[in-house]
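The structure under discussion appears below in the form of structure tokens.
The values are calculated or read from the model by the stated rules, or taken from the named source; none is laboratory data. These numbers were taken from a predicted model, which means no experiment stands behind them. Glycine gets a Cβ as well: all are built from the backbone with ideal geometry, and neighbour counts include every protein chain shown. The area values use the complete protein model at the heavy-atom level, side chains included, leaving out ligands, DNA and RNA. Shrake-Rupley method; radii C 1.70, N 1.55, O 1.52, S 1.80 Å.
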Amino acid sequence: MAGTFPSSVLFCCDHNAVRSPMAEAMMKKFYGQRAYVQSAGVRNDMEVDGFSIAVCQELGLELHRHRARSFEDMQQWGDDLSGYDMIVALSPASLRLAQELTRYYHLDVEYWPVLDPTGLGEGREAKLAAYRQTRDQIRARMLARFGPPTEGESDAEPE
């Protein structure tokens, strides 16, 4: 069931290279300017994943310009976590760090357990299938939590 729509959301995962960039791009496309949206990782030691780029393009989402950043990067750049209404953790490690960093702030931290597709599948088509599953899990959670898109969802339906 859809909850209150936040004015700012931070999606987080382990490396800010697969799940959280997907979620950030979907939120921006589906809900436009209704919320300020960013993403971060526990670490920023990877670039955005090519399979993530490919499966997001299927829905008209652009990820190729995304640059990974960590919670530490955010703090160094002056993006204060207390300014967010909601943090959505997409991995256990990011949930732990988000809870630790925000224990004195009044904001919601939600956990959406979604598949980590990295390392799954033999061959390109099997890997793409795993990444599509992750993308579709995020999409389903997002639509359930925030309601139907207000900015016009892509006509492309997930496979």
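Things worth noting here:
- Pairs with Cβ under 6 Å, 6+ apart, first in the range 118-144 and farther than 17 Å from Asp14 by Cβ, second among the basic types (Lys, Arg) and modelled with pLDDT of 90 or more: Gly121/Lys127
- When Leu61 is tested against (1) surrounded by fewer than 16 Cβ atoms within 10 Å (Cβ to Cβ); (2) in contact (Cβ under 8 Å) with a residue 12 or more places away in the chain, only condition (1) is not met.
- Residue within the range 111-122 that is over 19 Å from Met26 (Cβ atoms), open to solvent by 50 Å² or more (accessible area, probe 1.4 Å), part of a loop (DSSP other than H, G, I, E, B) and among the hydroxyl-bearing types (Ser, Thr, Tyr) present: no
- Residue in the range 35-53 that is more than 15 Å from the chain's Cα centre (by Cα), surrounded by fewer than 22 Cβ atoms within 10 Å (Cβ to Cβ), in contact (Cβ under 8 Å) with a residue 60 or more places away in the chain and part of a loop (DSSP other than H, G, I, E, B) present: no
- Residue in the range 71-86 that is in a strand (DSSP E or B), touching a Cys at 6+ places or on another chain (Cβ under 9 Å) and within 20 Å of Pro113 (Cα to Cα) present: no
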